[in-house]
Amino acid sequence: PSHHLPTKPGLAMNPGTALVVVTGCCFGAFMRAATGFGGSTLFVLIWSLCGQFQVAPDLDSALLMVLLGTVFEMTTSPILFAAIGRQALKFWRSQSLLFVGSIPGTVLGLYLLMQSTESMEILDTTKIVLNAIFYIVAMYRLTIELGLDTEIPEPPEQTDKEVSRKLCWEFLVVGCVTGFLNGLIGLPGPPMMVYTATAVGAGRISAKTCFVLTQSFFLVTTLMRFASLTSQEAQEMCVQHWQLAAVIPIPSLLALWFGWREGKRFNTKALLRSVLVLLLISSLMGLGLLEASLLGIAALAAALVWLPLLLVRRFLAAPKEPTKFVSEGGKDAEPCPATCAGDSDAKPGLGDDNGDLAAVV
């Protein structure tokens, strides 16, 4: 609708809209730095909730939300990549497998998107089915994780050559699925969340390696998303709302630094649970909760019933023996060191080779 677009470029910025943008950036950047996920999810969640209650103007513009979300990602993704740059270079084989897998997936997703422009029902149905799958996976994995009373030990550190050889086909498939969803509906995060929760929880890969790979991969998807916003309408929107875009970098970088520092307190189990909660929130949004759809409301009601029952079950459950992983040599892996216990100053699993985020900023 025409009322979404101001009649004059450079229209005065509304303080309420600016506050919503800054709030979304702060929460999104903090969670992205602390866990590696959830930046765009929380930004869109806060934007959409405030739009539902009409707390400020322009919050009903989907294009403006996408543009400002892209500015937010272009601010945070390069900084996070620079902070883990030295580690990222060490895992070039594994990253290459993800990128190679994402190419056919992205092409297929874009092709189906173009084919479905005349029939949006197909695209909407696809989104609902995919988010229903993510919702079920998140509920199932949270049920398992919250039912465990023991710390999850880190698997032995492996080189890039070992990881890429052992998880070659997994990386290709995950890259393909992620690229497909990025091309089809611009949603690369949930497949990575599912894989991270599954692989790290099973001890097949360390949290350190997953964090490095996801930040490198998300940088590429962010650049692809930025390159796709070349329409005349998008360019006009950028000119008209440049002031809103200008308020994003500083609070985002401050929240990014704070999230990076606080993320050092996260052990592996807390990291997995945070990722799964973000996946659950993302799937509820995809099921239409913010639009008050019947499916979204039903999914939320099921989650609200399930959570208290799970907490009661956890409270009544007897303590369990510590979980053990078996290394390749046949011996039990040692319990997770101080990094997993939250007593180390290192980012969860990033060791001493991670970059200094404050120095990068």
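The values are calculated or read from the model by the stated rules, or taken from the named source; none is laboratory data. A quick note: this is a predicted structure, and the numbers were derived from the prediction, not measured. In this analysis, Cβ positions are derived from the backbone assuming ideal geometry, glycine residues included, and neighbour counts consider all displayed protein chains.
Listed here are the residues, each with its yes/no results for (1) of a type in the set (F, W, Y); (2) at pLDDT 85 or above; (3) in contact with a Ser or Thr (Cβ under 6 Å, 6 or more places away or on another chain).
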residue	(1), (2), (3)
T214	no, yes, no
F226	yes, no, yes
Q232	no, no, no
Q240	no, yes, no
S274	no, no, yes
S282	no, no, yes
M285	no, no, no
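The set of residues in segment 253-272 that are modelled with pLDDT of 85 or more and surrounded by fewer than 21 Cβ atoms within 10 Å (Cβ to Cβ) comprises L253, L254, W257, F258, R261. In summary, R86 fulfils each of the numbered conditions (1) in contact with a Gly (Cβ under 7 Å, 6 or more places away or on another chain); (2) crowded, with 16+ Cβ neighbours inside 10 Å with the single exception of condition (2). Only residues that are aliphatic (A, V, I, L, M), touching a residue at least 40 places away in the same chain (Cβ under 8 Å) and touching a Ser or Thr at 6+ places or on another chain (Cβ under 6 Å) were counted across segment 25-48, and they come to 1. Just so you know, in segment 288-321 the residues that are in contact with a Ser or Thr (Cβ under 7 Å, 6 or more places away or on another chain) and aliphatic (A, V, I, L, M) include one that is modelled with the lowest pLDDT, and it is L290.
Residues that are part of a helix (DSSP H, G or I), under 28 Å from P15 (Cα atoms) and among the charged types (D, E, K, R) within segment 234-292 comprise just one, E236.
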